[in-house]
1. Tally up the residues in the stretch 91-100 that are within 17 Å of Gly25 (Cβ to Cβ) and exposed (fewer than 13 other Cβ atoms within 10 Å of the Cβ), please.
2. Quick check on my filter: what residues within the stretch 8-22 are hydrophobic (A, V, I, L, M, F, W, C) and out of contact with any helix residue (DSSP H, G or I) (no Cβ under 7 Å at 6 or more places or on another chain)?
Amino acid sequence: MVSHYSLNGTNEMYSFRARFVQLAGPNNLHRFVKLCGEYTRCVTREAELREAGEVLSMQEYIPLRRNNSAVLLCLALNEYILGIDLPEDVYENPVFMKAYWAACDHVCWANVSFWEPLNSKNQT
């Protein structure tokens, strides 16, 4: 018996997209789509850097890491799951943004500190 779900997840993605577009607020939808593009761009950039053996400075690495970690996508999904649609003036509020970036950085750096020793161990 063949499942109606595809092996590569295509059906699931179409299903998710249909629900998200229908149920997400317009601000949340706009942010999520923008973040998906940024995520894809940054993951691609990181792969290019890795292939070239190039190491960024910390100042250059932080924005890349923030966007290729998928944390920002998860934050946008939280907004969707909670059924809220933050207005742009709230989203762009300096106090809100400080908390937003702190949450992102907390997860990013916790993840790096957990995985880096494992990656180093596997490379020796």
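1. 1
2. Residues satisfying the conditions are Met13, Phe16, Ala18.
Each reported figure results from applying straightforward, stated rules to the coordinates on display, with no laboratory input. Everything numeric in this text was worked out from a predicted model, so none of it was measured. No Cβ is skipped: glycine too gets one built from the backbone with ideal geometry, and neighbour counts run over all protein chains shown.
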